[in-house]
Structures are given as structure tokens and as C-alpha cells.
1. For segment 391-464, what number results from the quotient of the Cα radius of gyration and 2.2 N^0.38 Å?
2. Given the C-alpha centroids of segment 349-368 and segment 72-96, what is the distance between them in whole angstrom?
3. Tell me, what is the percent relative contact order of the chain, built from C-alpha pairs under 8 Å that lie six or more residues apart?
4. Which entries in 132/463; 132/416; 11/55; 11/172; 128/287 show an alpha-carbon gap greater than 32 Å?
5. Looking at segment 58-145, which GluC sites (Glu not before Pro) are DSSP coil and have at most 13 other C-beta atoms within 10 Å of their C-beta?
6. Over segment 1-122, what relative contact order in percent results from Cα pairs under 8 Å that are six or more residues apart?
7. Just to be sure I understand: if I project the alpha-carbon convex hull of the chain onto a plane and average over all orientations, what area do I get in nm²?
8. To the nearest 10 degrees, how steep is helix 135-151 against the longest Cα principal axis of the chain, on a 0 to 90 scale?
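The values are calculated or read from the model by the stated rules, or taken from the named source; none is laboratory data. Note that the structure is a prediction, hence the values are computed from the model and not measured. Here the Cβ positions follow ideal geometry from the backbone for every residue, glycine too, while neighbour counts run over all protein chains shown. Accessible surface areas use protein heavy atoms only, side chains included; no ligands, DNA or RNA. Shrake-Rupley method; radii C 1.70, N 1.55, O 1.52, S 1.80 Å.
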Amino acid sequence: GHAHVEGLGAKALQVDLEGCRSKEEALERVRSWAAAHPEGWILGRGWDQNRWASKAFPTARDLDAATGGRPALLSRVDGHAIWANGAALKAAGVSRNSRSPEGGQILLGPDGSPTGILLDRAEDLVLKAQPKPAPAERERRLLAGLDILLRHGFSAVADMGIDGGALALYRKLAAEGRLPIRVFAYLNHDRRLMLQELRGRRAATVAFFQVQGVKFYMDGALGSRGARLLEAYSDEPGQLGLWVTAPARVEQDAAVTLRAGYQPAVHAIGDAANRMALELLQRAARKAGKAVRPRIEHAQIVAPEDAVRFGPLGIIASVQPVHCTSDHAWTPARLGPKRVEEAFPWRRFLEAGALLPFGSDAPVEDPNPFFGMASAETRQDPAGEPPGGFLPSQRLDRAESIRGFTWANGQALLRKDLGVIKAGAVADLLWVQAPLATVPPADLRTLSPGRIWINGREVPLPKR
């Protein structure tokens, strides 16, 4: 229901910083990778300062000690912050004279110089300086990401935010019959690309590739304090988070998307961002006069009075259950005791009639759907924390978690013939080597796909 395919494929080819328990462990992985790959920029992903004892962001100076004069860019686990070294900052021209762009922030030290951490739109300042991968490399990443998803039992994916280069490659792979699973692509919020691609009608029949809609960003992520909140962060007074895109611009282009018969998918994590997304999507739908259901992606921190609006407004709450079990340890610190009940309100969504499709946001999280189901049902991480589950009143049951990865995702893609087993439906089928209805929630993470059929044809599952 929500992944970033090229990023998933690229992750396997870069420094993997996921799970690092300290800054020192992260730096040691960087050193090892750099020694094994002695040329070019050092690229990686997966660090999370919330896992470290200090909880503090690392600095360019820390990274310089491990990388020397080679430029290095390391993306935070959620993709909403970058840790750059001095060489990368220099190559990008980022200095004490640089200004934070709208929708982003260059973190500064006490002396006014950049620390090496850039949030949200400020990431673009350094990303544009790195060498662009050749089309053949990007194709390799896309196919690697799709193979990973197939291996985990997926027959289709909503690729949430692609640029013109990825779009051209997907069309080439589809024409050559080389896409292993179906791809429903949401374009980046690039107005030029949007207006070019939304001229034609959205595909009426299910193919292996189609443009489904446009991905918009309201705010950043909670972990980097970029999620936009109604009141300041409990652990950083005065900080409300970011509007990554001006709400008026999102509203205008969401209306354009709806009018063309395509689907807006709006990233909103904080309670202010979710409230704004609900309001602007309601107005945009009224202007467009179309019946296409829009989506809000993540819907993580939602005021109770807003959570019950999704269903009546016909707005899809597209969630990633593993975010809850990855973030539970530090979410209370960000929100404080009064607001923590707003976090991951899945039961509240369903009781008010909202559609609740599941994804993983891979490569931010592991794409394994059984991990997602375990998270939805227990609201506990793999170690069983917290006891009883994080805000356990919002847990889901087995039928609801299965529907999240099947029927609900078909409905969220506006398809009645996907995610169901009935006459006339698309014959995309997964066989699991276990009695899925009765496996205890604690054992879900041990499951794996057995066999898979796509379009009625059995497809070999790729080996790990």
C-alpha cells in the first residue's frame, strides 16, 4: 500500500545503518563500507538518533573522522533528515551563509555554522550535489526493489512518489514484460510532470504499470521533529514542525489531480498536518466534482475529533503499522502525556467507517507484511515492548489485519477486482505455509510466503 521501490533497491547497495544502537556503531559501519568501496561518494540510510543514549543528532565533524575527504550523505531512517560530512557540505556550497529553504531546515551549531543535519526540503541542497545515477543503475535499483517485494509475497505495490526518470524506466520495463509485480505509481509533486501526465485518462483495466495519482507532502516526520503539530513539541518547546509544502499549493494541485480523475495521496504525520489535509482535500474534492477518493498517507498523530472525519469524508487512512512499533519508545516524549492518545488511532479510524489499507513505507521499514500484521495486532515491537501494547485500545484483529494488506489496498487503489478471491477478480494469489487465521500474533513474524500466482500464473519466489 505504500513503499518507495527505487529506495528499497538502492538500500541494498549502500551503507546499511538500520538498527545501530549508537553513533559509534553507525560510524564503524561507515568505515567498513568505505574501505570495501574505496571510490565515489559514501551513501547510506537507516540511522536513528532516538536509538542512541544521547538522543542527539550527529554532526558533520563526527562523520569527517570516519570518511576523510570523501563526500558522505547518510539518510535518516525515515528519509526526512540527512547527515552530511564536511566534504559533502562543501561540494553543495552549504555554509554559514546558506539559508534554510521553505519547508526545510539547516540545523546550525552554536557558532552559526551548519552541523551537517538537514531536514526535509533542505535535503535537496546536498542531494543535488551528488553524482546522478545512470539510467541503467536506476533500472537495477527498481528491479531489485520489486524482487524484494515479490520475495515477501506482494503481487502489487503503490510506489509513493516517482520522478520523470523512474516513470520512463517503468514504462520501458512494462513494455519489455520485465516487471515482476504490478506497480501503481504516484508521481512526485512536480507541477510540470503532473500536467504532462494527467492529460490522459487513468487506466480502466489493471495492467502491470499505471500512473495512479500524485504524492503530496504536508509535513515532515515525528522522529526529526518535522511533523507539523497543533501545539509545540513536548521535548522541544517552541518547535511546531514544518509545512514541507505550502497548504494552498497542495490544495490547488490536489484539485487539479482530482479533476483529471487521478488520486491525490497526501503525506501527513502531525495532528496539524492531518487536520489541514482533511480540510483542503474536502475543499479540493468539492471544486473538482469527482468521485475519486483521496488518500492521506501515514495519518500517525491525529486529534480524536479529526480521526472520526476520515470515514464520513470518504478519505482513505493509508497507514503503516510497523511505524507504531518502531516509534513507540520515543513518541510519548515528542507529544507529552496529554496528546499521546492521538498516536496511531487505527481502531478509531475503522469505527468511524474509514478505509484502512496497510503498507510499510519501505525502505523506512521492513516490507515484510507479517511484521506489519504483528504490529497491527499487538502494537508491540519484536522484543514484546511495551507490555500489553502501545495504546492497546487501538489494536486490530486478524481479519482486519489481513484485509489491510489485501481487500483494503485494492479498494484504496479504486479497484474492486484486486485483493479479493471471487469470480471475475484479478488472479493474484498468495499461499501462506500456515493456518493464517489461527497463528498466534506473536508467531506472525516467523511466517513466510509459500507460493504466489500473478495474473493467474505461478511465479517463482526470488531467493534471499
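1. 1.25
2. Segment 349-368 and segment 72-96 have Cα centres separated by 30 Å.
3. Computed over the chain, the figure is 12 percent.
4. Numbers: 132/463 30 Å; 132/416 39 Å; 11/55 24 Å; 11/172 23 Å; 128/287 36 Å.
Where the Cα-Cα span goes over 32 Å, the pairs concerned are 132/416; 128/287.
5. 102
6. Dividing the mean separation by the residue count of segment 1-122 yields 20 percent.
7. Result: 21.2 nm².
8. Rounded to the nearest ten degrees, it is 50.
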